[in-house]
Amino acid sequence: MNTQSLSKVTIHFAGDSGDGIQLAGSQFTNTTALAGNDLSTFPDFPAEIRAPIGTVAGVSGFQINFGSEKIHTPGGRPDVLVAMNAAAFKKNFPNLKSGGIIVLDSAGFDKKNLRLAAYDESSTPIEDIPKEYQVYAVDITKLNREALKDLSLGSRDKDRSRNMFALGFIYFLYSRSLQTTLSFLEAKFKSKPEVLEANLRALNAGYNYGDTIEAISRFKVAPAQMEKGEYRNITGNQATALGLIAAAAKSGLELFYGSYPITPASDILHELAAHKNRGVKTFQAEDEIAAVTSAIGASFGGALAVTGTSGPGMALKTEGIGLAFMLEIPMVIVNVQRGGPSTGLPTKTEQSDLLQALYGRNGEAPIPVIAANSPADCFSSAFEAARIALEHMTPVILLTDGYIANSSEPWKFPQASSLASINPPIVKNDAHYLPYKRDEREVRSWAIPGTPGLEHRLGGLEKELETGNVSYEADNHQAMVKVRDRKVRLIAKDYPVQKLIQGPSSGPLLVLGWGNTLGAIQVAVEHALEQGLAVAQLHLKYINPLPEDLGAILSAYEKILIPELNYGQLVRIIRDQYLVEAEVLDKIKGQPFLAEEILEKIKSLVEND
Amino acid sequence: MTEPNSALFTAKEAASDQEVRWCPGCGDYSILKQMQSVIPGLGIKREDIVFISGIGCSSRFPYYMNTYGMHSIHGRAPAVASGLKMVNPNLSVWVITGDGDGLSIGGNHLIHLLRRNVNLNVLLFNNEIYGLTKGQYSPTSEMGKRTKSSPMGSLDHPFNPLALALGADATFVARTIDRDPVHLRGVLETSNLHKGTSFIEIYQNCNVFNDGAFLSYSDKKQKGQHIILLEEGKPLLFDEGNKGIRLNGLKPEIVNLEEGFSANDLWIHDSRDATKAYILSRFFDDNFPRPFGVFYQEDRPCYEEQLIAQINHAKEIQGETDLDDLLRGKRSWTVD
Ligand code: SF4
């Protein structure tokens, strides 16, 4: 048996949503992270909570891309497909790389499963797989039952550990240690010894099966050259939650999170609710409107107030966000974007709420918008959103999306002491306090109820400059609209210098991205550069206000390409602000970009020139 | 209850410097005046008092109080106030709302506030009309009411605000009226003492768009027939003590004390009895006099207290994780 060294592998685990695919995937991820590979993962949940068993609609997937080199995306077409039934195979086989490896549970291809997967009952999908693929058609169900035969569990319960059998086999194939998963299982099933025993045996049986069958080649993926330091694996929603907690700690404020359950943002609420021991106050409100307005109350009361949701919830929060803007109180609004419009595609990803974030309010109400570009980047983006909100006394919209929210990657987490402190303009005493008097950044000060001598009233009606008293005076309104706008524009003064990620500083093409497209663009531009195309890459985190040095960078290229998971939103802003030739590469399929899709577009543009 | 001479500030200091802009003769003036006279004597520092309102005529109220305040958006004051109390539980928070603000656009927030029992006071100014938008029927307007938006009469069955509050398991439910300053002050003081959400419906005359809606409860000549003042432990009497209410099983009946009934036969008011409170709240048509006072009160842990108890408990059992440990998580590895 030979062991081949690989620099990068993409594995897609797929099965029925009851098959424990997410668990197997996350275990493989943890093991891979500890083995020192760089990695990126992407779960693909079925749209329905309980789609009919065995059908294509009920297939749950988990993809991991890992390697000894830097990994930027969860991978395009997988090298390996693990399919626990016919439906999982049917859905994912077309994506598999030509000549890839297929591991399947042949028991999941019986007549019933073929029918459920909408195959002809007489069809033989396993036999029909073209010769160039390497197929491990293993009767996992039978072998697993065999391994557990003396346990008293029912056969349904025994079958639940099939995922561990498959995982064990994959561990064998990729020369991985079982240790991480063994300890995980021991902790998870501590109180259920029979179930624990079943899972441990299944995992070992899968591994040993690999060891006993002949003529199999194994693979090795050496550790990546990662930057020195301490790492953990993290999803975007977890990182958002931790970024908010860190910002609360660094500003000396209490964290309040008002939210209403919504896919794919609920995990932020779950994560924060688990940190009550750090004084985090989470509030599951009666609706999206109460979620945002309770955060307004909490902000008025002196907390770092945050509300989180996804597109439809953003629509409902609109009026509340307008009030926060008008009051000039700090607040972070997290939108974990999903496919829209309306209820749209709740479990799928999209970047189509950008214009909503920028413009979705009545009146002149510019709000800072920042976008996270990877799971780990959600931490620094959430922290930055909170910093801007607190230091500039404004609501800030943080855009993430279903893709980075649920994906994970290794994160070289910072030391708490290395995080900058956040200094909100809290006022404790002022004999001549005026609630809307501003500093040189047009920022007003924050007097918190309970502070003697600073009693004041604020509201959604237009205010008089400085005093904040209600004013319907014409010139005052114009002046207030301008000053609020200026305040937001001045935020760009604190931005770091915008730096190209790669490529020449001028030339025929710049690929400009925002949000989750970072990894796919990075791989595409790397390949384009290797192929001798003069292409550069820039990625935006700050979308409102735009960085002051952006215009100069853009003007050095003949053309700007903006890949977006929408029908062309940032592209409108860029054309509008800079009058440059910008073209969109749109994708509205509920799925992230594949690097090839972007590369192809780059080639068509540069070669056309 | 705090004696008046222990007031922490004066009624004049309770008023802000803003010009009050309700229509002359509006019932809101009386409510504002009673609030400004009561609040200095509650033993609460001015900086610890916050008024939160929504939108509508009554919601201008916070601008006129020299305390902290927020004129928020339509219907949302209960949610704003809940968030405020969760992070700043020592504040004395007063939600000012109206029948349109609190029962129509903000109905959802109101019922959820009541069930959660956040420790604050809700004053619902009920004038049975939309005043600020110039006279459309409201969720408490009577059926058949002719307004600009209902020229042939409203088709909406009105809300009974107190029955609604009791249905949402409110822990303090009372009714008072703008034209009876003494009663109004008494209810405000009592509600302040209640721990949990106090829900107070205040009948308020909109003399421009719905004048006289509550005349039979305030007019000296008529009110004796039409109101019952609820007093703890006292029989339900009205019509200058000539008539009373007795309970025949669960069925209330009006009895005439001149016809052989004595006070001993009557329903004795017990504000801790939920069943009786509900029956009282259904005194909502012309067959029975309208009750005023505290219908119901109950001790139930309030929301923010329990939230803080959970936090303290979590700190106790898990310890306060240091930020570095939190960022590190449960599984980390080192690359060197
Ligand atoms: S419209 Fe009616 S409620 Fe509004 S201020 Fe005038 S009188 Fe008062």
List the residue pairs whose Cβ atoms are under 6 Å apart, where the first residue sits in segment B:26-40 and is more than 14 Å from every other protein chain (Cβ to nearest Cβ) and of a type in the set (D, E, K, R), the second is within 11 Å of the ligand (Cβ to nearest atom) and not in a helix (DSSP H, G or I), and the two are 6 or more positions apart or on different chains. B:28/B:22
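Mind checking which residues of segment B:107-147 are more than 16 Å from the ligand (Cβ to nearest atom) and not in a loop (DSSP other than H, G, I, E, B)? Working first, answer last.
Within segment B:107-147, the subset more than 16 Å from the ligand (Cβ to nearest atom) is B:107-122, B:142-144, B:146.
Answer for segment B:107-147, where residues must be more than 16 Å from the ligand (Cβ to nearest atom) and not in a loop (DSSP other than H, G, I, E, B): B:107, B:108, B:109, B:110, B:111, B:112, B:113, B:114, B:115, B:116, B:121, B:122.
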Restricting to segment A:347-370, and then to whatever is open to solvent by less than 10 Å² (accessible area, probe 1.4 Å) and over 16 Å from the mean Cα position of the chain (by Cα), can you tell me which residue is nearest to residue A:462 (Cα to Cα)? A:367
Looking only at segment B:246-280, which residues are open to solvent by less than 60 Å² (accessible area, probe 1.4 Å), farther than 26 Å from residue B:169 by Cβ and part of a strand (DSSP E or B)? B:253, B:255, B:256
The condition from (1) more than 10 Å from chain A (Cβ to nearest Cβ); (2) touching a Leu at 6+ places or on another chain (Cβ under 9 Å) that residue B:82 misses is numbered (1)
Considering only segment B:11-29, state which residues are away from the ligand (no atom under 13 Å from the Cβ) and not acidic (Asp, Glu). B:11, B:12, B:14, B:15, B:16, B:18
Of the conditions (1) open to solvent by 30 Å² or more (accessible area, probe 1.4 Å); (2) within 16 Å of the ligand (Cβ to nearest atom), residue B:243 satisfies every one except a single condition; which number is it? (2)
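Check whether at least one residue in segment A:310-318 is outside any helix (DSSP H, G or I) and touching a Ser or Thr at 6+ places or on another chain (Cβ under 8 Å), and report yes or no. Before the answer, list the steps.
Of segment A:310-318, the ones outside any helix (DSSP H, G or I) are A:310.
With the extra rule that they be touching a Ser or Thr at 6+ places or on another chain (Cβ under 8 Å), the set shrinks to A:310.
Yes - at least one qualifying residue is present in segment A:310-318.
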Taking the criterion of being more than 14 Å from chain B (Cβ to nearest Cβ), in contact (Cβ under 8 Å) with a residue 12 or more places away in the chain and among the acidic types (Asp, Glu), would at least one residue in segment A:319-337 satisfy it? no
Here is a list of conditions, (1) over 17 Å from the mean Cα position of the chain (by Cα); (2) crowded, with 18+ Cβ neighbours inside 10 Å; (3) of a type outside the set (Phe, Trp, Tyr); (4) within 16 Å of the ligand (Cβ to nearest atom), and residue B:32 meets all of them except one; can you say which number that is? (1)
Just one of the numbered conditions (1) away from chain B (no Cβ under 14 Å); (2) open to solvent by 20 Å² or more (accessible area, probe 1.4 Å) is not true of residue A:398; which one? (2)
In segment B:35-62, residues that are open to solvent by less than 40 Å² (accessible area, probe 1.4 Å), outside any strand (DSSP E or B) and either in contact with a Cys (Cβ under 8 Å, 6 or more places away or on another chain) or within 16 Å of the ligand (Cβ to nearest atom) (or both) total 7
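Conditions (1) touching a Ser or Thr at 6+ places or on another chain (Cβ under 9 Å); (2) more than 26 Å from residue A:338 (Cα to Cα), marked per residue:
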position: A:532; (1), (2): no, yes
position: A:536; (1), (2): yes, yes
position: A:561; (1), (2): no, no
position: A:564; (1), (2): yes, no
position: A:581; (1), (2): no, yes
position: A:596; (1), (2): no, no
position: A:599; (1), (2): no, no
Of (1) within 16 Å of the ligand (Cβ to nearest atom); (2) touching a Gly at 6+ places or on another chain (Cβ under 8 Å); (3) open to solvent by less than 50 Å² (accessible area, probe 1.4 Å), residue B:212 satisfies every one except (2)
Determine which member of the set A:220, A:192, A:149, A:158 is more than 27 Å from the chain's Cα centre (by Cα), over 30 Å from residue A:382 (Cα atoms) and open to solvent by less than 60 Å² (accessible area, probe 1.4 Å). A:158
Restrict the check to segment A:279-298 and report whether at least one residue is within 22 Å of the chain's Cα centre (by Cα), touching a residue at least 60 places away in the same chain (Cβ under 8 Å) and within 24 Å of residue B:321 (Cβ to Cβ). no
For segment B:63-83, name all the residues that are more than 18 Å from the chain's Cα centre (by Cα) and either within 16 Å of residue A:256 (Cβ to Cβ) or within 16 Å of the ligand (Cβ to nearest atom) (or both). B:63, B:64, B:83
Any residue at all in segment B:283-305 that is among the small types (Gly, Ala, Ser), assigned to a strand (DSSP E or B) and at positive phi? yes
So, in segment A:484-509, exactly how many residues are closer than 30 Å to residue A:527 by Cα, among the hydrophobic types (A, V, I, L, M, F, W, C) and open to solvent by 30 Å² or more (accessible area, probe 1.4 Å)? 3
Return a yes/no flag: does segment B:190-209 have any residue that is of a type in the set (Val, Ile, Thr), away from chain A (no Cβ under 14 Å), within 13 Å of the ligand (Cβ to nearest atom) and surrounded by 24 or more Cβ atoms within 10 Å (Cβ to Cβ). yes
Look through A:39, A:6, A:23 and report the one residue that is open to solvent by 10 Å² or more (accessible area, probe 1.4 Å) and under 19 Å from residue A:235 (Cβ atoms). A:23
If a residue has to be open to solvent by 70 Å² or more (accessible area, probe 1.4 Å), within 14 Å of chain B (Cβ to nearest Cβ) and in contact (Cβ under 8 Å) with a residue 24 or more places away in the chain to count, how many in segment A:460-483 make the cut? 1
Looking across segment A:282-297 at residues that are within 8 Å of chain B (Cβ to nearest Cβ) and open to solvent by 10 Å² or more (accessible area, probe 1.4 Å), the single one that is nearest to residue A:326 (Cα to Cα) is A:289
Looking only at segment B:148-180, and only at residues there that are assigned to a strand (DSSP E or B) and under 18 Å from residue B:96 (Cα atoms), the one that is farthest from the ligand (Cβ to nearest atom): B:172
I need a count of the residues in segment A:421-459 that are within 11 Å of another protein chain (Cβ to nearest Cβ), under 20 Å from residue B:17 (Cβ atoms) and crowded, with 19+ Cβ neighbours inside 10 Å. 10
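The values are calculated or read from the model by the stated rules, or taken from the named source; none is laboratory data. Keep in mind that this is a model prediction, so the values were computed, not measured. Counting neighbours? That spans all protein chains shown, and the Cβs are built from the backbone with ideal geometry, glycine included. Please note that ligands, DNA and RNA were not included when accessible areas were found on the heavy atoms of the full protein model with its side chains. Shrake-Rupley method; radii C 1.70, N 1.55, O 1.52, S 1.80 Å.
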